[in-house]
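Readers should treat all values here as calculations from the given coordinates under stated rules, not as data from a laboratory. Note that the structure is a prediction, hence the values are computed from the model and not measured. Here the Cβ positions follow ideal geometry from the backbone for every residue, glycine too, while neighbour counts run over all protein chains shown.
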Amino acid sequence: MPTALQRVLKASELLKTLGYTARDLGLSIFEKLIPYLATQVSKNPPVESQKIFGTWAFLLGFAPRLLRGRRAPDREARRLAKKFARSLDLDQLAQSLSRPRADLTWHNFHYFVSFVWEADPAIGRAVVGRMNLETLAVEFERSLPSPPQNHLYAVEVLHEFRPTEARELLERYEAQYATIDPFLVHMAPEMTIRLLRRGLPLDLGLPNQHWEFAAELLNSLASYDTQAAAELAAANCSGFIAGLSSNYTDPFEGLSAWVQACGTQAPGIVDDVIRLLPSGAVANWARALRKRNRRREIAPLLYRALETDGAAVAEAQELMRQFPSLKQP
């Protein structure tokens, strides 16, 4: 006789397959299985939610943004997702969020939590209201002096509906931090300024092209301390160079937001970075220039490269020849 685990895995695999071959049937079967699947997930949300990843991510269409892009779940999927979310044991979810773990399973739990919140924001508020702050504080203190993102994410979830308590928890351990994570900036910008003044580093994620998020953080800090924001932008120049020299699946999304933030908070940084780009970096922008939505992001830097010196100029001129439709403003 199949075990509960085997039944869950088989059901999830079937529903995922039906999502591609007979989606209406898959949704119908899922609705009948909601009580059973919700009970199984509630036993151990971080672990069990990943066993049915294909169901909520692909059949229902609530996959992480990096997998679904800008596609939104349809009305029927949203209805069933809300029904499923409301069938979960909220106390078990709250207990799981109060006990973050530094492992991949708990990291992937982030995506399930985002799915549940998107399916029914009221569930998110209810779960956060039940989180045990004392338990979370104990787990967070154990993770010091460099709390992993899983622990910071748990505090971020708390911060969404209980911001004062979340900031108080973070500031309680201010003297013990050895690094600054972007999550800290978002939740406690004034404390972040103090940590920066202590000389702690803050990686804005520019090598991985987290442009919009970096811009948001830079502007947030500038609203408290313009000099600290300018120094932070300068400290992340090497990451800026690495990001402009890389081409990911969808390169340079949100780059214009970062360039604008630098122009406001750290004038001159962008042109300095362009001058320091390694040979071949500007030439590699051709891939992005072939995409209309990315051309708007990278073309302004191409024009600026034409006005600099070094390897960037010749490569920029060559791109202008390859893309005659580009006209320098």
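Helices in the chain, meaning DSSP H runs of at least 4 residues, each add -39500 (n - 2.57). Divided by all residues, the mean residue ellipticity at 222 nm is -20500 deg cm²/dmol. In units of the rule-of-thumb radius 2.2 N^0.38 Å, segment 78-150 shows an alpha carbon radius of gyration of 1.17.
The chymotrypsin sites (Phe, Trp or Tyr not before Pro) of segment 200-297 meeting both criteria, a DSSP state outside H, G, I, E and B (loop) and at most 14 other C-beta atoms within 10 angstrom of the site's C-beta, are Tyr224, Tyr248.
Enclosing the Cα atoms of segment 137-250 in their convex hull gives a volume equal to 107 cubic angstrom per residue.
Restricting the trypsin sites (Lys or Arg not before Pro) of segment 253-329 to loop positions (DSSP other than H, G, I, E, B) with no more than 16 neighbouring Cβ atoms within 10 Å leaves Arg290, Lys291, Lys327. By definition, a body whose alpha carbon gyration tensor gives a ≥ b ≥ c is oblate when a/c is 1.5 or more and a/b is not larger than b/c, and the chain fits this oblate description.
Per residue, the convex hull around the alpha carbon atoms of segment 204-329 comes to 90 Å³. How much FRET efficiency would the formula 1/(1 + (r/R0)^6) give for Gln227 and Val313, where r is the Cβ-Cβ distance and R0 is 30 Å, rounded to 0.05? Rounded to the nearest 0.05, the efficiency is 0.40.
With the charge dipole of segment 204-329 set up from +1 on Lys and Arg Cβ and -1 on Asp and Glu Cβ about the Cα centre, the Cα lying farthest toward the positive end among the listed residues Ala283, Val273, Ser220 is that of Ala283. The mean sequence distance of close C-alpha pairs (under 8 Å, at least 6 residues apart), as a share of the length of segment 204-329, puts its relative contact order at 24 percent.
Measuring nothing but how far apart in sequence close Cα pairs (under 8 Å, 6+ apart) lie, relative to its length, segment 160-218 scores a relative contact order of 31 percent. Across the chain, Cα pairs under 8 Å and at least six residues apart give a relative contact order of 10 percent. Within segment 33-142, the trypsin sites (Lys or Arg not before Pro) that combine a DSSP coil assignment with at most 13 other C-beta atoms in a 10 angstrom radius are Arg70, Arg71.
Which residue fluctuates the most in the chain, going by a Gaussian network model with Cα springs under 10 Å, if the choices are Leu158, Leu97, Leu67? Comparing Leu158, Leu97, Leu67 in a Gaussian network model of the chain, the most mobile one is Leu67.
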